[in-house]
Structure formats: C-alpha cells, structure tokens
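Here's the structure, in structure tokens; my notes come after.
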Amino acid sequence: MNLATIDIGTNTTLLLVARVAPGGAPQLLDERAEITRLGRGIGAGGALGSEGIARTLAALREFVAIARRHEAKIAAIGTEALRRAPNAEAFLDPAAEILGAPIEVIDGAREAALTFQAVATAFPATLGGPLVVVDIGGGSTEIVIAAGGEVKFNVSLPLGSVRLTERFIRHDPPRLEEIAAITGAVDAALGGVPFPAPGPAPVTLVGVAGTVTSLAAMAEALVSYDSARVHGYRLSQAALGEQIARLRVGTQAARERIVGLDPRRADVILAGALILQRIADAAGVAELQVSDRGIRWGLMHELAQKVAGRDVA
C-alpha cells in the first residue's frame, strides 16, 4: 500500500509518500517540505499565530492533494509547537478536517524514538558503537544516546532555532552578548545529558533536520538542494565553525544570500548552528554525519512494520 506521513513542526511542515510492502523497505514516491513557521512566538507565550496557522493549513491542503494522487493513507504528527500552544485546537480542528483524520501530537520521548528509528534504518553501521543522535527543531531538540544499537538515554530539551532566536536575538547582526546568551542556555540544558565517555570505540554523532541539512548544503555551496549529496554528508567541526563565523557577523539580508541556505531560514539558522556546535563539543566529536531523514521517516518505518504484521487499518 502507499502511505503518507506528515511532520508538523515548529518551523517546517514535511511530507513523505512511500510505497510499503511486507518484507520490503519503504520506496520513496514523493517528498515535500514547506517552512510554515507554525510556532512563531514560541519564545514568548507559545500561542499559535493566525498567520502561522494559515500557512500550515495551506501546506496541508497541498500535501493532501499529493497523497491522494498516490492513493496514500495519511498519518500526521505534531511536535513542540503543538505540545506547548495553549490554543493548539485553533489549528488541530481545521487540520483534522483537511486531513480526514486527527493529528497525533507526540511527546518528546516519542519524537526522540522516531528520530532514532529513522537514523538506525538509514545508517545501520552506526549502531555498532556509541551513537548520539540529535534532532534540532524550531522549538525543541531531541537527543538520543545508544550503545550497541540499544537506546540508553533520550531527552527532549527546550532548545530550538526559533525559540532561542526569539528569546535572545534583538539586533542585526546579533551582538556578542546575544550569542553568548544562546550558548550559555544550550550549555546549561546539556548539563544533564550523559554523553558517552571517550573510549576505544569512537562516538558517532548523527544530526537530523533542517538546521543540520542547511549547514551541510551551505558547506557544499549547493545552488539547489540535493538529498543525494546531503544525506550521509560528513560535516566537520572546522566546517561548522566556518559557517557560524560568517553567520554571526552577517546581517539578515546577507544571510538570505548565502548559497545553500533557504532564505526563509536566514533569521533562525545561527541559533540552530550554535546548538549543533555545542552538542558536537559536548559529545567530543570532530565531525558529524548528516541525515535528511527525520521523524516522518521514523513514522513511515513504524507503519511499514505494521504493514508487515498486517496491523494497519
């Protein structure tokens, strides 16, 4: 059967359509991503704004049309913005009408589990040793730590590119004290994360989602996004530092002109990059592996397993 999974995030709404069959891996049919900024304002009270709701509902209408062309059954999940918003129903009710089914608003633990499922399936070779998976979103960051393929720790932290930008950045370009405030907040949140200690087996860090894939595309100066070049890309700490160096001194207008960066991410990419850098430092790695297969892929693999067990309604 054909299935469509939709990930409604704080910053981005994503669609995956795939063909699934018992015993086989999902076969990609279509993918889409729209920066809808549903969670604009998450750094303040967390309420959803009318413009973000309208943009996201419009994206869902387009995604439903695509899914219907493929005769795909739809499953949709929502993350931090919808977990936090006091007025989430203002979006969830009309969205359910568009989709023909309710959105599952997942907690941080399930979000982390789906991210790990996506990475484990995409990069099975990483499961042999200590593994850290990080998913940097607009409103939260999920970290999963595994050893020998077994999850030892997972957490969802209130760190996100949109959230930290709204909380700390007031100037263009940002001031040094604003950047220091972001890194300080990240370091404080990471204090309780038990990153693997250095040992004979090197730690593998895999980064997921738009911040990480954007930084890879920027490092490679991709004029148009190319999943084949981004997925699996190894982004060194040195290359990450180079991107942060130019982001921190550039104005919003200058960031919008950076090759490889979607201009719609230009206002929040620095905060996301700083989160990634501090996590890479804490994990003690010289590079990270990039994945553009996030929780929509984790959900697809979960549904595919149900198809194998013939447990899909």
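None of the figures in this text is laboratory data; all of them are computed from the coordinates on show. Here the structure is a predicted model, which means the values were calculated and not measured. Note: ideal-geometry Cβ built from the backbone for every residue, glycine included; neighbour counts use all protein chains shown.
Coupling constants for region 161-177 follow from the phi torsions by the Karplus curve (6.51 cos²θ - 1.76 cosθ + 1.60, θ = phi - 60°), and in residue order they are 5, 6, 4, 6, 4, 5, 6, 10, 8, 10, 10, 9, x, x, 7, 4, 5 Hz; glycine and proline get x.
Rounded to the nearest Hz, the phi-derived 3J(HN,Hα) couplings of region 279-286 under the Karplus curve 6.51 cos²θ - 1.76 cosθ + 1.60 (θ = phi - 60°) are 5, 4, 5, 5, 7, x, 10, 8, where x marks glycine and proline. The relative contact order of the chain comes to 20 percent, based on Cα pairs under 8 Å that sit 6 or more residues apart. With the biggest extent put first, the Cα atoms of the chain measure 52, 49, 37 Å across the principal axes.
Within the chain, what percent of beta bridges assigned by DSSP are antiparallel, to the nearest 5? Around 65 percent of the beta bridges assigned by DSSP in the chain are antiparallel ones. Taking Ala95, Ala216, Ala25 in turn, the Gaussian network model of the chain (Cα-Cα springs below 10 Å) assigns the largest fluctuation to Ala25. Largest mean-square fluctuation among Leu261, Leu222, Leu60, in a Gaussian network model of the chain whose springs join Cα atoms under 10 Å apart, belongs to Leu222. In a reduced charge model with +1 at each Lys and Arg Cβ and -1 at each Asp and Glu Cβ, the chain shows a dipole moment near 220 debye about its Cα centre. The phi torsions of region 199-213, fed into the Karplus equation with coefficients 6.51, -1.76 and 1.60 and a -60° offset, translate into couplings of x, x, 9, x, 7, 9, 10, 10, x, 10, 5, x, 4, 5, 5 Hz, rounded to whole numbers, with Gly and Pro shown as x. Helical content of the chain, expressed as a calculated mean residue ellipticity at 222 nm, amounts to -13000 deg cm²/dmol (DSSP H runs of 4 or more residues, -39,500 (n - 2.57) each, divided by residue number, nearest 500). Convex hull volume of the C-alpha atoms in region 32-120, normalised per residue: 108 Å³. In this structure the amide hydrogen of Phe153, modeled in the peptide plane, comes within under 5 Å of the amide hydrogens of Ile145, none closer than 5 places in sequence on its chain.
For region 1-122, the dipole from Cβ point charges (+1 on Lys and Arg, -1 on Asp and Glu) about the Cα centre works out to 140 debye, to the nearest 20.
A Gaussian network model of the chain, with springs between Cα atoms under 10 Å, assigns the largest mean-square fluctuation among Ala280, Ala181, Ala81 to Ala181.
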